[in-house]
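First comes the structure, then the notes that go with it.
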Amino acid sequence: MQFQQLQYFVAVAETRHFTRAADLVHVAQPSLSQQIKTLERELGADLFLRARGNITLTDAGEALLPLARRILADADTARHEVQELAQLRRGRVRLGATPSVCTGLLPDVLRAFHDRYPGIRLLIEEGGSHDLVRELARGALDLALVVLPLPTPSPALTTVELLREDLVVVSSPDAPKPGPGRRTVRIADLEGERLVMFRHGYDLRELTVAACRAEGFEPDFAVEGGEMDAVLGFVRAGLGVAVVPRMVAARSGRGLRVTPLARPGLHRTIALAHRSDVAPPRAARELQRMLLER
């Protein structure tokens, strides 16, 4: 008994027509009929009652049909499982992330993923949440780490909250401590401070500026337009203070003073996003699992 014979048998059973069944499985009708006869000889029983214009299952055919369907389904499942395992030995994952997430969250997770699946290429694209959402929508990324709420909510995306992170104020140890010198800094204390500010489109820029305006003042920029590494470098040089994620500040090394924000403080929510209409590839789903379980 061969898988091909079972496939032909199921096709005839479902169409109740040899010619239509042959078209369905892309084989010539005489070949399909011959394989069905061979299967009947091997089983020692007729599977179909053949009458002009009327094909019905015999009792033997009725008994074989659910078994044949299950065998074919199991074979298909086995093939897909093996193929997906093979994808974890080679392939790629296209991951988008905001620059601050690349600096703070990703290094440890990507190192663990690479150690486990060294054959998978990791393609990382940095950008603001707005740009990453657009790249996801057009299929250029498999997954993206974005800041919630999304700038333009999209029903075509599925998001899963990953973490809620505090923001802190960083300054040069050689400069006066921001605010009145307490252990924490209020947003209102940043009035009169010179800020090192990210470029337009950066989630942290929008969050910081909105918080300052909510306190009734317009922030004063000493330098603006930088990415994360540039902003931290300018702060180390004493050009001003900046509001950054706690995880980034913890990884930034020496040369920075870190001051928490007083309650209620500022926070941001990082989420993992992918398209709702297309399941991520197997390797991307494995990276997704590692991020969620980190």
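The values are calculated or read from the model by the stated rules, or taken from the named source; none is laboratory data. Worth saying up front: this structure is predicted, and the values here are computed from it rather than measured. For neighbour counting, all protein chains shown are included, and Cβ atoms are generated from backbone atoms with ideal geometry for every residue, glycine included. For accessibility, only protein heavy atoms count, side chains too; no ligands or nucleic acids. Shrake-Rupley method; radii C 1.70, N 1.55, O 1.52, S 1.80 Å.
Of all DSSP beta bridges confined to the chain, the antiparallel ones make up roughly 60%. Net charge dipole, the chain: roughly 420 debye, given to the nearest 20, about the Cα centre with Cβ charges of +1 for Lys and Arg and -1 for Asp and Glu. Accessible surface for segment 198-294, divided over its residues, is 48 Å² per residue with a 1.4 Å probe. Scattering from segment 1-131 was approximated by placing one identical point on each alpha carbon and applying the Debye formula without solvent; log10 I(q)/I(0) at 0.15 1/Å stands at -0.74.
When the Gaussian network model of the chain links Cα atoms closer than 10 Å, the mean-square fluctuations of Val244, Val82, Val133 top out at Val82. Of the solvent-accessible surface of the chain, computed with a 1.4 Å probe over protein heavy atoms with every protein chain present, carbon and sulfur atoms account for 51 percent.
Measuring nothing but alpha carbons in segment 185-270 and taking Rh as the Kirkwood radius, the Rg to Rh ratio lands at 0.92. Annotation for segment 65-116: trypsin sites (Lys or Arg not before Pro) lying in DSSP loop with at most 16 further Cβ atoms inside 10 Å of their Cβ are Arg89, Arg90.
Surface analysis of segment 3-116 yields an accessible area of 57 Å² per residue, using protein heavy atoms and a 1.4 Å probe. Taken as Cα centroids, segment 149-216 and segment 243-294 sit 15 Å apart, rounded to the nearest whole angstrom. Considering only Gly96, Gly181, Gly61, the Gaussian network model of the chain with Cα springs below 10 Å gives its largest mean-square fluctuation to Gly61. What is segment 1-72 by shape, rounded, prolate or oblate, if you read a ≥ b ≥ c off the alpha carbon gyration tensor as root eigenvalues and call it rounded for a/c under 1.5, prolate for a/b larger than b/c, and oblate otherwise? Judged from the Cα gyration tensor, segment 1-72 comes out rounded (a/c under 1.5).
Taking all Cα-Cα distances within the chain, those exceeding 35 Å account for 46%.
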